[in-house]
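See structure below.
Computed from the coordinates by the stated procedures, all read-outs in this text should not be read as laboratory data. Given the structure is predicted, the values throughout are model-derived calculations rather than measurements. Here the Cβ positions follow ideal geometry from the backbone for every residue, glycine too, while neighbour counts run over all protein chains shown.
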Amino acid sequence: MNRHPDLNIILPIQNAEQSIVARLRLLIDVLSDLAAQFEIIVVDDASVDQTFLAVAEFACDFRQIALKRHVAPQGIMATIRTGWAMVTGGLVYVQDPQLEISPADIKQFWSSGYRNNLCQYSPPAPNSQMEEKLIQRLSDWCNALKRIQSQKQKPQQSTGLNLPDLTRIDQAVSTTRSPKITVGNRRRSQISGY
């Protein structure tokens, strides 16, 4: 993409050949109505089916899709970290691979996040393989960013997330503890191998 996206969706996947193109079409439809610039970052965790090829073929028609593949399975956390490493700016929403994509959730995130310049992490469904400590760390990091951003004197007119000095984030995270992330009742699907 030529400029930094306003909104990034990280989509970790594994063995989702049958459903991934429909999921990407839905995301493109929703995101085109929300943000002038957006990017869907798809990270394939070494699928054994044709998931990677299905995404690569679909991405030929949409410059907003970035694709990365792990050659060996690394798990959902490593897949999400790979996606985060590809983010170049803007708001970030991580889609849980075990949940259906919710256009309403993404629209709500965009409307609240854009006003408040937030980052977002979509927590995994219950019984997921996600480590509790990492969930807490991501939550603390996002809360620290919100606090630091709100303390700035002059509002910035930025379309992306301006990351402050990392030492300030670490200090803010170490001095506070955010509430645990809970997951509401959402419909699970058999979308991926996670």
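Between Gln136 and Arg81, what FRET efficiency follows from the Cβ-Cβ distance if R0 is 22 Å, with the result rounded to 0.05? Efficiency at R0 = 22 Å is approximately 0.90. Label sites at Ala22 and Phe62, each approximated as a point 7 angstrom past Cα along Cα to Cβ, lie 1.5 nm apart. Length gained on full extension, Ser32 to Gln108: 25.9 nm, using 0.36 nm per residue less the C-alpha separation.
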